[in-house]
Amino acid sequence: MKETPLLLHIGLAKTATSTLQETIFLKHPQVHYLGKVVGSANKTKRKCLDDVSYKVLNPILWNLGKPMKTESTLSLFNESLLPSVSEGQVIVGSWEDLGHRTVEDHIEMLNRCKAIFGGCRIMIALRNPISLLPSLYLQNLREDFIEQNNYWMSSKSYADIEIWYRKRIARTQNPLLDYIDCIQSSIKELGRENVGIFLFEELHENPNDYYQSVCEFMDIDSKIGVSLAKDEHLHPRMSEDQLVYMREVQSSFLKRTRNSFSVCKSRRKALRAKKSGPPAKVVLTERLVQEVSDTCRDGHRWLVENLKLPLEKYGYPL
């Protein structure tokens, strides 16, 4: 079987994932992108490019609770997906939630990738957890306020960052801070040369150099990639006025009840009306800073000692 390795970008969340997905991955001519493709027109499960991509990827990436039917999945890949890949294109998939897996599920996913694609390469972007967690909290807060289908706010319109954090880490099947285990197991299973680690802080420091390094790891034309991603930032931060509005809704039984019974479109419109003004500022409590630092410190030291990542420069807990 000819090897057509899958290059899998697995987050982390809040590291400019959407910018990569919607510029370099989706638009670069040397990439055959399988998803995540965000947009109201895309009704495919898991936001895959199309139904064929989803059917091939589902037993490999998501349906890990059942044994994969390797022969039929391989046949579907070779007969239905591979013919659409142009000569010289890199097959790429990107889902930031794949970076928050148990080690067992992560290793199983890598083995299934190798069984179908003949090989696998991993890209993961890191961000100092002291700044990542508040940013992820604000994203979750906005999503759950609008969608009302959350698991951590129940019927509330607002919950503080400590409540959010406790609920997130309680999800043992979706670890929030186990990315070091993910990196270590990836290197063990795939080899160091097939694991690309990037720092979100370096993106802020020099976007062009960052996108160039991403393209070089992907083995695609970096000039095209840098041009596609230049000056793009697709998800502006929540405003302070929006945060205040959520608190106001939560503080009133009448407003909270009316909000919970309104349609999703109305909640989105009401929140959008408050988007002007300075960006929301949320920081971890001193207790959470200490707890997160204690959780991540040994793993960060391993990254510095073994991969020579400049984490100290960017204030990562060491």
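No value in this document is a laboratory result; all are computed from the given coordinates. Computed from a prediction, not measured in an experiment: that's the story for all the values here. We place every Cβ from the backbone using ideal geometry, glycine too, and count neighbours over all the protein chains shown.
What separates the Cα centres of the stretch 201-267 and the stretch 272-318 is a distance of 18 Å.
Place +1 on the Cβ of every Lys and Arg and -1 on the Cβ of every Asp and Glu in the chain, take the dipole about the Cα centre, and give the residue among 39, 100, 21 whose Cα lies farthest towards its positive end. Going by the Cα projections, it comes out as 39. Mean-square fluctuations from a GNM of the chain, with a 10 angstrom spring cutoff on Cα atoms, peak among 287, 121, 297 at 287.
Using 0.36 nm per residue and subtracting the Cα-Cα separation, the extra length available between residue 224 and residue 209 on full extension is 4.1 nm. Counting only alpha carbon atoms, the long axis of helix 286-307 and the longest principal axis of the chain meet at about 20°. With contributions of -39500 (n - 2.57) from each DSSP H run of at least four residues, the per-residue ellipticity at 222 nm computed over the chain stands at -14500 deg cm²/dmol. Of all DSSP beta bridges confined to the chain, the antiparallel ones make up roughly 10%. Report Rg(Cα)/(2.2 N^0.38 Å) for the chain, keeping two decimals. Rg over 2.2 N^0.38 Å, computed on Cα atoms: 1.04. For the stretch 1-124, the Kirkwood estimate of the hydrodynamic radius, built from every pair of different alpha carbons, is 14.6 Å.
The distance separating the Cα centre of the stretch 2-43 from that of the stretch 112-137 comes to 12 Å.
The angle separating the long axis of helix 240-251 from the principal Cα axis of greatest extent in the chain is about 60 degrees.
Among 135, 157, 84, determine the one that fluctuates most according to a GNM of the chain built with springs between C-alpha atoms less than 10 Å apart. Of 135, 157, 84, the most mobile in the Gaussian network model is 84. For the chain, set up a Gaussian network in which alpha carbons nearer than 10 Å are linked by springs, and say which option among 303, 254, 61 fluctuates the most. Most flexible of the set in this elastic network: 254. Plainly put, the stretch 188-318 has a radius of gyration that is 1.10 times its Kirkwood radius, both from alpha-carbon atoms, as the Rg/Rh ratio.
Rounded to the nearest 10 degrees, the inclination of helix 103-117 to the longest alpha-carbon principal axis of the chain is 40 degrees. Remark: C-alpha extents of the stretch 79-158 on the principal axes read 49, 27, 23 Å, sorted largest to smallest. As a calculated quantity, the FRET efficiency between residue 306 and residue 286 at R0 = 30 Å, using C-beta atoms, amounts to about 0.50.
Taking every alpha-carbon pair within the stretch 142-231, the share separated by more than 18 Å comes to 65 percent. Per-residue 3J(HN,Hα) values for the stretch 224-229, derived from phi via the Karplus relation 6.51 cos²θ - 1.76 cosθ + 1.60 with θ = phi - 60°, read 5, x, 5, 5, 5, 8 Hz in sequence order (x marks Gly and Pro).
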